[in-house]
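Structure first, commentary second.
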Amino acid sequence: MEYTVQKLGKIAGISTRTLRYYDEIDILKPARINTSGYRIYGEVEVNRLQQILFYRELDMNLESIKDILSKASFNKVEALTEHRIKLLCKRERLDSLILNIDKSIALTEGRINMTDKEKFDGFKQKIVADNENMYGAEIRGKYGDEVVEKSNNKVKGMTKIQVEEATRLSAEIIDLLNEAFKTGDPAGVLAQKAADMHRLWLCIYWDKYTKEAHASIAQMYVDDERFTAYYDEKQPGIAKFLRDAVIVYTTDKK
(Lines give C-alpha, C1' and ligand atoms only; values in the text may rest on other atoms or scores of the structure.)
Protein backbone atom coordinates (compact mmCIF):
# COMPACT_ATOMS: atom_id res chain seq x y z
CA MET A 1 0.00 0.00 0.00
CA GLU A 2 1.17 3.53 -0.75
CA TYR A 3 0.74 6.69 1.30
CA THR A 4 1.04 10.42 0.84
CA VAL A 5 2.82 12.51 3.50
CA GLN A 6 -0.48 13.33 5.20
CA LYS A 7 -1.73 9.75 5.27
CA LEU A 8 1.57 8.32 6.49
CA GLY A 9 1.85 11.01 9.14
CA LYS A 10 -1.65 10.21 10.36
CA ILE A 11 -1.14 6.46 10.72
CA ALA A 12 2.33 6.92 12.26
CA GLY A 13 1.21 9.63 14.67
CA ILE A 14 3.77 12.21 13.54
CA SER A 15 3.50 15.52 11.72
CA THR A 16 3.87 16.02 7.99
CA ARG A 17 6.56 18.57 8.87
CA THR A 18 8.59 15.79 10.53
CA LEU A 19 8.30 13.57 7.46
CA ARG A 20 9.42 16.39 5.21
CA TYR A 21 12.38 17.03 7.53
CA TYR A 22 13.30 13.33 7.39
CA ASP A 23 13.32 13.64 3.61
CA GLU A 24 15.53 16.74 3.75
CA ILE A 25 18.17 15.06 5.93
CA ASP A 26 18.04 11.84 3.86
CA ILE A 27 17.01 9.55 6.69
CA LEU A 28 13.65 8.71 5.08
CA LYS A 29 13.17 9.45 1.40
CA PRO A 30 9.83 8.84 -0.36
CA ALA A 31 9.65 5.97 -2.82
CA ARG A 32 8.76 8.45 -5.55
CA ILE A 33 7.24 11.83 -6.35
CA ASN A 34 3.98 11.55 -8.31
CA THR A 35 2.94 13.72 -11.24
CA SER A 36 1.19 16.13 -8.87
CA GLY A 37 4.40 16.63 -6.89
CA TYR A 38 3.32 14.64 -3.84
CA ARG A 39 5.73 12.45 -1.92
CA ILE A 40 4.64 8.82 -2.09
CA TYR A 41 5.76 6.21 0.47
CA GLY A 42 5.61 2.44 0.04
CA GLU A 43 6.14 -0.60 2.26
CA VAL A 44 9.93 -0.20 2.42
CA GLU A 45 9.59 3.38 3.63
CA VAL A 46 6.86 2.48 6.13
CA ASN A 47 9.11 -0.20 7.64
CA ARG A 48 12.05 2.20 7.77
CA LEU A 49 9.91 4.82 9.51
CA GLN A 50 8.88 2.24 12.09
CA GLN A 51 12.57 1.55 12.83
CA ILE A 52 13.29 5.28 13.11
CA LEU A 53 10.46 5.76 15.60
CA PHE A 54 11.60 2.76 17.65
CA TYR A 55 15.08 4.25 17.95
CA ARG A 56 13.67 7.70 18.73
CA GLU A 57 11.62 6.16 21.54
CA LEU A 58 14.96 5.02 22.99
CA ASP A 59 16.21 8.65 22.84
CA MET A 60 18.71 8.04 20.04
CA ASN A 61 19.57 11.05 17.88
CA LEU A 62 18.72 11.10 14.18
CA GLU A 63 22.32 11.11 13.01
CA SER A 64 23.06 7.88 14.91
CA ILE A 65 19.83 6.29 13.65
CA LYS A 66 20.74 7.19 10.08
CA ASP A 67 24.17 5.59 10.47
CA ILE A 68 22.67 2.38 11.86
CA LEU A 69 19.99 2.03 9.20
CA SER A 70 22.45 2.77 6.41
CA LYS A 71 24.85 -0.02 7.32
CA ALA A 72 24.89 -3.01 4.97
CA SER A 73 24.90 -5.28 8.03
CA PHE A 74 21.58 -3.90 9.33
CA ASN A 75 19.21 -6.80 10.10
CA LYS A 76 15.55 -5.95 10.68
CA VAL A 77 14.75 -9.02 12.79
CA GLU A 78 17.77 -8.47 15.03
CA ALA A 79 16.89 -4.77 15.34
CA LEU A 80 13.29 -5.52 16.33
CA THR A 81 14.47 -8.08 18.89
CA GLU A 82 16.86 -5.53 20.37
CA HIS A 83 14.11 -2.88 20.41
CA ARG A 84 11.87 -5.25 22.35
CA ILE A 85 14.53 -5.96 24.97
CA LYS A 86 15.32 -2.29 25.44
CA LEU A 87 11.66 -1.27 25.65
CA LEU A 88 11.04 -3.97 28.26
CA CYS A 89 13.94 -2.54 30.26
CA LYS A 90 12.49 0.93 29.86
CA ARG A 91 9.08 -0.30 31.04
CA GLU A 92 10.69 -1.98 34.04
CA ARG A 93 12.49 1.25 34.89
CA LEU A 94 9.31 3.33 34.63
CA ASP A 95 7.31 0.79 36.66
CA SER A 96 9.99 0.88 39.35
CA LEU A 97 9.98 4.70 39.47
CA ILE A 98 6.16 4.80 39.59
CA LEU A 99 6.16 2.29 42.45
CA ASN A 100 8.79 4.37 44.21
CA ILE A 101 6.62 7.50 43.86
CA ASP A 102 3.52 5.65 45.09
CA LYS A 103 5.40 4.46 48.16
CA SER A 104 6.78 7.94 48.79
CA ILE A 105 3.26 9.40 48.66
CA ALA A 106 2.02 6.75 51.07
CA LEU A 107 4.99 7.43 53.36
CA THR A 108 4.30 11.17 53.34
CA GLU A 109 0.66 10.52 54.19
CA GLY A 110 1.73 8.26 57.06
CA ARG A 111 0.16 5.11 55.60
CA ILE A 112 3.39 3.05 55.33
CA ASN A 113 6.98 2.92 56.46
CA MET A 114 9.73 3.07 53.86
CA THR A 115 13.37 2.12 54.37
CA ASP A 116 16.16 4.33 53.06
CA LYS A 117 17.09 1.55 50.65
CA GLU A 118 13.56 1.50 49.18
CA LYS A 119 13.72 5.25 48.58
CA PHE A 120 16.54 4.71 46.08
CA ASP A 121 15.47 1.42 44.47
CA GLY A 122 13.78 3.20 41.55
CA PHE A 123 16.87 5.25 40.77
CA LYS A 124 19.16 2.22 40.87
CA GLN A 125 16.77 0.43 38.52
CA LYS A 126 17.08 3.45 36.21
CA ILE A 127 20.87 3.08 36.17
CA VAL A 128 20.53 -0.58 35.17
CA ALA A 129 17.86 0.12 32.55
CA ASP A 130 19.75 3.05 31.03
CA ASN A 131 22.91 0.96 30.74
CA GLU A 132 20.94 -1.87 29.13
CA ASN A 133 19.29 0.52 26.69
CA MET A 134 22.54 2.14 25.64
CA TYR A 135 25.08 -0.66 25.77
CA GLY A 136 23.34 -3.89 26.79
CA ALA A 137 23.64 -5.74 23.49
CA GLU A 138 27.34 -4.93 23.07
CA ILE A 139 28.29 -5.70 26.67
CA ARG A 140 26.33 -8.97 26.73
CA GLY A 141 27.89 -10.00 23.44
CA LYS A 142 31.37 -9.22 24.74
CA TYR A 143 31.20 -10.54 28.31
CA GLY A 144 28.14 -12.82 28.40
CA ASP A 145 24.78 -12.65 30.17
CA GLU A 146 26.06 -14.04 33.48
CA VAL A 147 28.65 -11.29 33.92
CA VAL A 148 26.13 -8.58 33.02
CA GLU A 149 23.46 -9.96 35.37
CA LYS A 150 25.93 -10.08 38.25
CA SER A 151 26.82 -6.46 37.57
CA ASN A 152 23.15 -5.46 37.39
CA ASN A 153 22.39 -7.23 40.65
CA LYS A 154 25.32 -5.46 42.28
CA VAL A 155 23.94 -2.10 41.18
CA LYS A 156 20.48 -2.95 42.49
CA GLY A 157 22.03 -3.75 45.86
CA MET A 158 24.03 -0.53 46.08
CA THR A 159 23.59 1.76 49.07
CA LYS A 160 22.85 5.48 48.76
CA ILE A 161 26.48 6.19 49.60
CA GLN A 162 27.70 3.86 46.84
CA VAL A 163 25.39 5.49 44.28
CA GLU A 164 26.68 8.93 45.27
CA GLU A 165 30.28 7.66 45.14
CA ALA A 166 29.80 6.27 41.63
CA THR A 167 28.33 9.57 40.44
CA ARG A 168 31.12 11.58 42.07
CA LEU A 169 33.85 9.36 40.63
CA SER A 170 32.38 9.51 37.14
CA ALA A 171 32.45 13.32 37.16
CA GLU A 172 35.94 13.46 38.68
CA ILE A 173 37.32 11.05 36.08
CA ILE A 174 36.10 13.27 33.22
CA ASP A 175 37.54 16.40 34.86
CA LEU A 176 40.88 14.72 35.52
CA LEU A 177 41.05 13.29 32.02
CA ASN A 178 40.57 16.75 30.55
CA GLU A 179 43.48 18.03 32.64
CA ALA A 180 45.65 15.01 31.80
CA PHE A 181 44.85 15.37 28.10
CA LYS A 182 46.55 18.77 28.08
CA THR A 183 49.84 17.07 28.97
CA GLY A 184 49.59 14.79 25.95
CA ASP A 185 51.10 11.95 27.99
CA PRO A 186 48.87 8.91 28.72
CA ALA A 187 51.70 7.49 30.87
CA GLY A 188 51.97 10.67 32.94
CA VAL A 189 51.01 11.09 36.57
CA LEU A 190 47.62 12.71 35.90
CA ALA A 191 46.65 10.20 33.22
CA GLN A 192 47.60 7.25 35.41
CA LYS A 193 45.65 8.71 38.31
CA ALA A 194 42.63 8.96 36.00
CA ALA A 195 43.13 5.33 34.94
CA ASP A 196 43.25 4.26 38.58
CA MET A 197 40.09 6.23 39.36
CA HIS A 198 38.48 4.56 36.36
CA ARG A 199 39.37 1.17 37.89
CA LEU A 200 37.75 2.20 41.18
CA TRP A 201 34.63 3.31 39.29
CA LEU A 202 34.43 0.01 37.42
CA CYS A 203 34.79 -1.94 40.66
CA ILE A 204 31.63 -0.29 41.98
CA TYR A 205 29.72 -1.99 39.17
CA TRP A 206 31.77 -5.08 38.34
CA ASP A 207 31.54 -8.31 40.29
CA LYS A 208 35.22 -8.99 39.59
CA TYR A 209 38.03 -6.78 38.25
CA THR A 210 40.76 -7.96 35.89
CA LYS A 211 43.27 -5.77 34.08
CA GLU A 212 42.46 -7.61 30.84
CA ALA A 213 38.78 -6.66 31.12
CA HIS A 214 39.77 -3.09 32.04
CA ALA A 215 41.89 -2.76 28.90
CA SER A 216 39.16 -4.38 26.82
CA ILE A 217 36.44 -2.00 27.90
CA ALA A 218 38.75 0.98 27.40
CA GLN A 219 39.27 -0.21 23.83
CA MET A 220 35.50 -0.39 23.41
CA TYR A 221 35.30 3.30 24.31
CA VAL A 222 37.23 3.94 21.09
CA ASP A 223 35.52 1.31 18.94
CA ASP A 224 31.94 2.22 19.88
CA GLU A 225 30.91 5.69 18.74
CA ARG A 226 28.41 6.10 21.59
CA PHE A 227 31.10 5.66 24.24
CA THR A 228 33.43 7.89 22.24
CA ALA A 229 30.76 10.61 22.02
CA TYR A 230 30.27 10.49 25.80
CA TYR A 231 33.95 10.91 26.64
CA ASP A 232 34.71 13.30 23.78
CA GLU A 233 31.76 15.61 24.53
CA LYS A 234 33.91 18.46 25.85
CA GLN A 235 37.27 17.50 24.37
CA PRO A 236 37.62 15.35 21.21
CA GLY A 237 40.26 12.67 21.69
CA ILE A 238 39.57 11.96 25.37
CA ALA A 239 38.23 8.44 24.70
CA LYS A 240 41.40 7.45 22.87
CA PHE A 241 43.54 9.14 25.52
CA LEU A 242 41.76 7.17 28.28
CA ARG A 243 42.24 3.96 26.27
CA ASP A 244 45.96 4.65 25.98
CA ALA A 245 46.24 5.54 29.67
CA VAL A 246 44.45 2.34 30.69
CA ILE A 247 46.71 0.24 28.45
CA VAL A 248 49.73 1.70 30.24
CA TYR A 249 48.03 1.26 33.62
CA THR A 250 47.04 -2.36 33.07
CA THR A 251 50.40 -3.27 31.53
CA ASP A 252 52.55 -1.80 34.30
CA LYS A 253 50.30 -2.53 37.27
CA LYS A 254 51.63 -5.38 39.42
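Three principal axis extents of region 19-85 based on alpha-carbon atoms, in descending order, are 42, 21, 21 Å. Using a simple spin-label model with pseudo-atoms 7 Å out from Cα toward Cβ, SER64 and LYS29 lie 2.6 nm apart.
Exactly which GluC sites (Glu not before Pro) in region 168-254 are in a DSSP loop and have at most 11 other Cβ atoms within 10 Å? Kindly include the intermediate steps, with their values, before the conclusion.
On the way: sites: GLU172, GLU179, GLU212, GLU225, GLU233; in loops: GLU233.
Listed in order of number, the matching sites are GLU233.
Using a probe of 1.4 Å, the accessible surface attributed to ILE68 totals some 40 Å² when neighbouring protein chains are kept in position.
Protein chains only, probe 1.4 Å: how do CYS203, CYS89 rank by accessible area, largest first? If you can, show how the numbers build up before the last one.
Details: CYS203 45, CYS89 25 Å².
Output order, biggest surface exposure first: CYS203, CYS89.
Cut-off 14 Å, label point 7 angstrom out along Cα-to-Cβ of LYS234: give me the residues of region 181-221 whose amide nitrogen falls inside. What the label zone holds, given the 14 Å backbone N cut-off, is 181-182. Residue ranking by accessible heavy-atom surface, 1.4 Å probe, largest first, among SER64, SER15 comes out as SER15, SER64. Could you compute the FRET efficiency for ASP207 and ASP95, with r as their C-beta to C-beta distance and R0 at 25 Å, rounded to 0.05? The value I calculate is 0.45. For region 159-254, with equal point scatterers placed on the C-alpha atoms only and solvent neglected, what are the log10 I(q)/I(0) values from the Debye formula at q = 0.16 1/Å, to two decimals? Each listed q corresponds, in turn, to -0.61.
Taking 0.36 nm per intervening residue step and subtracting the Cα-Cα distance, what contour gain separates SER216 from ASP175 on full extension? The partial results should precede the final answer.
Details: separation 41, 0.36 × 41 = 14.76 nm, distance 2.23 nm.
Additional length available on full extension: 12.5 nm.
The values are calculated or read from the model by the stated rules, or taken from the named source; none is laboratory data. Given the structure is predicted, the values throughout are model-derived calculations rather than measurements. Ideal geometry is used to build each Cβ from the backbone, glycine not excepted, and the neighbour counts take in all protein chains shown. What goes into the accessible areas is simple: the full protein's heavy atoms, side chains included, and nothing from ligands, DNA or RNA. Shrake-Rupley method; radii C 1.70, N 1.55, O 1.52, S 1.80 Å.
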